[in-house]
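Engineer: Below are the structure tokens for one structure; questions will follow.
The values are calculated or read from the model by the stated rules, or taken from the named source; none is laboratory data. None of these values were measured; they are calculated from a predicted model. FYI the Cβ positions are ideal-geometry reconstructions off the backbone, even for glycines, and counts take in every protein chain you see. Ligands, DNA and RNA are stripped out before the accessible areas are found, and what is left, the full protein with its side chains, is counted by its heavy atoms. Shrake-Rupley method; radii C 1.70, N 1.55, O 1.52, S 1.80 Å.
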Amino acid sequence: MAGLNREFALPGTRPKFARDRVVDVEHIALRLDLDPVAKLLRGTAHLDCAVLAPDTRWVVLDAVELTVGAVRVGDAAAPFAHDGLLLRIDLGGKRPAGERIAIEVDYEGRPRRGLYFVGPDEGYPDKPLQAWTQGQDEDSRHWFPCFDQPHEKATSEVTVTVPHGWFALSNGELIEDEAIGDRRRLHYKLDIPHSCYLVTLAAGELATLEHRWRDVLVTYHVARGLEAQAQRTLERTPRMLEVFSEKFGVDYPYSRYAQVFVADFIFGGMENTTATTLTDVVLLDERAALDHDVDSLVAHELAHQWFGDLVTCRDWGEGWLNEGFATYSEYVWREAYEGRDAADLELEDWAETYMGEDGGRYRRTIATKLYDEPIDIFDHHLYDKGGRVLHMLRYELGDDAFWGSLRHYLTKHRHGSVETRDLARAVEEATGRVLDWFFSQWVIDGDGHPELKVAFTWDPDTRLATATIEQTHKVEGKTPRFRLPTRLRFRVDGQDVDVPVEVVDERHAFHVPLDAEPTQAIFDPGRVMLAHVDTDKSQALWIGELEAATLAVDRIHAARALGGKGGARAEAALGRGLERDPFWAVRGACAAALGGLRTDGARDALIRALATEAHPRARRAIVKAIGDHREDAKAIAVIEGVVERGDASYFVEAEACLALGRLRAPSAPRLLREAATRPSYGDVIRQHAYRGLAEARDDSAVSMLLSATTWGHLSQGRRAALGALAALVRGRRDRDARDVRDTVERLVEDRDFRVQAAALEALAVIGDPAAVPALRRVVDRELDGRLRRRSREIIRDLEEGRGRDEELKKLRDEVDGLRGGLAKLKEQVEKLEVGGRKKDKKKDKDRDKKAKKAKKEHGGDDGAA
């Protein structure tokens, strides 16, 4: 399971720490005027400050690419210097600690970051005209002068003037809304301090839906005409507020909660204090809502109102205290709404994405000071591993102690800034448990995760079950030998028997007396531990777990194991699970395992199940599994039928398109081109049709896919076309491959951020070192740190690959030389063998002659001497 385990920090990276503050910014008041046609912002920023450092003469604010017209300290004009990045303000004399000062800055600008104007153009004439901000991580400096650090917290108010007919949303209470000629002015105020990256503005022709949770006003804002979709997408928000207030032990801490959908948003969502921004591409239509929701996104951003907004990471290196908690809150919501079995699927997804990053890109500690830009660490280590660590903490403490610790943590640090040690101390104060070892190995000092080999045996004479557990990963760098408290679960006479154990050494053997031979033997029931586990036990135990394990995730794991082992008994058990298990995800796992077997019997079981399966998510898994039976006529006929007829679910229909390509069906080029014309939620059918064409190895689709990448097509489809093109020409250097690479290189400078990101990934897949100059241009020119970071990684990989290619060529030459030498040796051996055989034949002839002569001389046949 071990992957590349590259260092996270790129060459030249230096550690980052929270910046000094010479003043404490206590209140920020912005007076803004938006001109969406000219894409122009005019504003005045008023900052009330208290001096912290004695004899302070200068205050330095972040103000990137803003034109500063005037600065005042109190009522007097103040000298200043502005280099396009930092605004240096002369206070007119040394100020003592504790003195209060008011700073005002008049400015204007056409920001390229922080504040975004979007609207219709030649490619997208129906796009709404809007303006919205995105401050995280350090982009508020692009739209107002500020001390742009998370540990600086201030109350805020925003007064904004917008075109008539527009609505604007900001933090806190709307305290004034008036018409000013043909314009509209709205005034918001928040009396609770928060970091400036959380100050927000979203404006446009927006409809408003109002609800209540207790005394809290809950509002949804969306482009007019999309109200029903907004309600469908967000309808469980009030219940989430109840669940989180109860679980966290602290009621929702603000008087209102708003969510606004905007076009072209560069993230999925952003947890601005009291006013979350969401991308409008997640708005659910009726058909999509059959088997899809965005509750995880909605819950994640809502949970940030406690973890991130109320209590904020001190610096971005501690960002997991924001994002890890918000991610784990997705699990908390799913558990409360659908039950643990459904919630555990979230954990499996997080482990997969984190381990993919750990093995394929880099390995790092969750908390780190070593990064180039804060956005670099907003990755799967921060979110997914962070969420899994909190799940392990919950099971280490137990529910009562865990939730009590969080209540104490939130209460103690309310309105404050925190580091990991603050969470550890809160746990200690609330429970008496000193868990420094836990936070050290999982967050602060240790990286990676355990890789374990587990074996179960049963001795009928002693009635002992033995579990042997080995930590097989390399203990190197920051990857430690882990301390792993967990449980063993045995099923004996129909009852679960749980045995707590702790793994601390390289190898442990645990001997457990049981009344009878167990029918199940599970290491870490519920798969709480973040680990890669290779388990060796009898097929009978796996079958017993698939059929009757208490937790669905353990039944899913058993299905995967049986699929890996194969055989008639495994196939039969998987067929029963596909037919009978009460949870759709277990049926889906059985389908996936049967698909991997690739037997006629497995195929037939899948086809029968497809005809009767009611749950669309299980049906999707079945369709995907049928797609594993490449070039099988029966499988092709069934999937052709789904593609042609469609399905009630967008996602089943989309999966069928991909499966048809994977089957290498002769009909794939024709049917997938037709499917790619169908509109769908998130363009999901078109995306899968394009991927299916790549799987079908349909080179004739290159020109169509190139056309599909152009401006004016839906963003999701453009990105899928890029991925399909990259898959088709991967490793090739012919004319088609060059044409594709040229197009992809142009698209790394596209106006759509997500298309830019997809173009970078396409270049990584194509693997042509000729793309390095285009990637270097991204590093030099691009504003978005995510794109710069990924470009540097791809350059590194391509250059290392070039070196590997040269090494491989040298090795091939050496092997060819060895082969030539071996051929000569073989020839010499064969000559020797032939010569030897000739000599042997001559000896045999001489021996025969002598025997005949002796026989003649003695006058007898063979007989006794």
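Engineer: For helix 340-360, what angle does its Cα long axis make with the longest principal axis of the chain, in degrees from 0 to 90 and rounded to 10?
Structural biologist: With rounding to tens, the tilt is 80 degrees.
Engineer: By how many degrees, between 0 and 90 and to the nearest 10, does the Cα long axis of helix 633-645 differ from the longest principal axis of the chain?
Structural biologist: Roughly 20 degrees between the two axes.
Engineer: Hey, how many Å between the Cα centroid of the stretch 306-340 and the Cα centroid of the stretch 743-775?
Structural biologist: 33
Engineer: In 10 Å bins starting at 0, how do the alpha-carbon pair distances of the stretch 546-593 split up by percent?
Structural biologist: Calculated over all Cα pairs of the stretch 546-593, the distribution is 35, 60, 6 percent.
Engineer: Among 220, 186, 201, which residue has its Cα furthest toward the positive end of the charge dipole of the stretch 130-251, with +1 on Lys/Arg Cβ and -1 on Asp/Glu Cβ?
Structural biologist: Positive-end residue among those listed: 220.
Engineer: Turning to a different aspect of this structure: Dipole magnitude of the stretch 456-552 about its Cα centre, charges +1 at Lys/Arg Cβ and -1 at Asp/Glu Cβ only, in debye to the nearest 20?
Structural biologist: The dipole magnitude comes to about 440 debye.
Engineer: Between residue 209 and residue 599, what is 0.36 nm times their sequence separation minus the Cα-Cα distance? Round to one decimal in nm.
Structural biologist: The span from residue 209 to residue 599 would gain 135.0 nm if fully extended.
Engineer: While we're here: Can you order the peptides 392-398, 52-58 by their average number of other Cβ atoms within 10 Å per residue, highest first?
Structural biologist: The densest-packed peptide leads the list: 392-398, 52-58.
Engineer: Can I ask one more? Just report the Cα centroid separation between the stretch 48-117 and the stretch 711-726, whole Å.
Structural biologist: 44
Engineer: Further question: Mind listing the phi-derived Karplus ³J(HN,Hα) values for the stretch 313-321, rounded to whole Hz, using 6.51, -1.76 and 1.60 with θ = phi - 60°, and x for any glycine or proline?
Structural biologist: Calculated HN-Hα couplings, in order: 4, 5, 9, 5, x, 9, x, 5, 5 Hz.
Engineer: Each residue of the stretch 519-532 in turn: what ³J(HN,Hα) in whole Hz from Karplus with 6.51, -1.76, 1.60 and θ = phi - 60°, glycine and Pro shown as x?
Structural biologist: Each residue of the stretch 519-532 in turn: 9, 9, 8, 10, 8, 6, x, x, 6, 5, 6, 7, 7, 9 Hz.
Engineer: A further question on this structure: For the pair residue 289 and residue 507, how long in nm is the line joining their label points, each one 7 Å along Cα→Cβ?
Structural biologist: 5.8
Engineer: Output the 0 to 90 degree angle, nearest 10, between the alpha-carbon long axis of helix 600-612 and the longest principal axis computed from the alpha carbons of the chain.
Structural biologist: Once rounded, the angle reads 30 degrees.
Engineer: May I pose another question? Express the carbon and sulfur contribution to the solvent-accessible surface of the chain as a percent, rounded to the nearest whole number, probe 1.4 angstrom.
Structural biologist: Ligands and nucleic acids excluded, carbon and sulfur reach 49 percent.
Engineer: Then there's this: Using the Karplus equation 6.51 cos²θ - 1.76 cosθ + 1.60 (θ = phi - 60°), what ³J(HN,Hα) coupling, rounded to whole Hz, does each residue of the stretch 780-791 give in order, writing x for Gly and Pro?
Structural biologist: 7, 10, 6, 7, 7, x, 4, 6, 5, 4, 5, 4
Engineer: While we're on this one: If you place +1 on the Cβ of every Lys and Arg and -1 on the Cβ of every Asp and Glu, how big does the dipole about the Cα centre of the chain come out, in debye to the nearest 20?
Structural biologist: 4380
Engineer: Compare the peptides 128-137, 697-706 by average per-residue count of other Cβ atoms within 10 angstrom and give them in order, highest first.
Structural biologist: Peptide ranking by packing, descending: 128-137, 697-706.
Engineer: Please compute the Cα-Cα pair-distance distribution of the stretch 561-641 with 10 Å bins starting at 0, giving whole percents from short to long.
Structural biologist: In whole percents, the pair-distance histogram is 22, 58, 20, 0.
Engineer: Another question, if that's okay. Once amide H atoms are built 1.01 Å from N in the peptide plane, which residues 5 or more positions from residue 487, or in another chain, come under 5 Å H to H?
Structural biologist: 501, 524
Engineer: While we're on this one: Over the chain, what is the mean sequence separation of C-alpha contacts under 8 Å (at least six apart), divided by residue count, expressed as relative contact order in percent?
Structural biologist: Once divided by the residue count of the chain, the mean separation gives 7 percent.
Engineer: Same structure, new question: For the stretch 479-544, what's the relative contact order in percent, using C-alpha pairs closer than 8 Å and at least 6 residues apart?
Structural biologist: Worked out over the stretch 479-544, it gives 34 percent.
Engineer: Can I ask one more? Can you list, bin by bin at 20 Å, the percent of alpha carbon pairs in the chain, starting at 0?
Structural biologist: Whole-percent P(r) values from 0 Å outward: 13, 40, 32, 10, 3, 2, 1, 0.
Engineer: Could you order the peptides 237-249, 23-35, 720-732 from most to least packed, using the average number of other C-beta atoms within 10 Å per residue?
Structural biologist: Highest to lowest by the protection proxy: 720-732, 23-35, 237-249.
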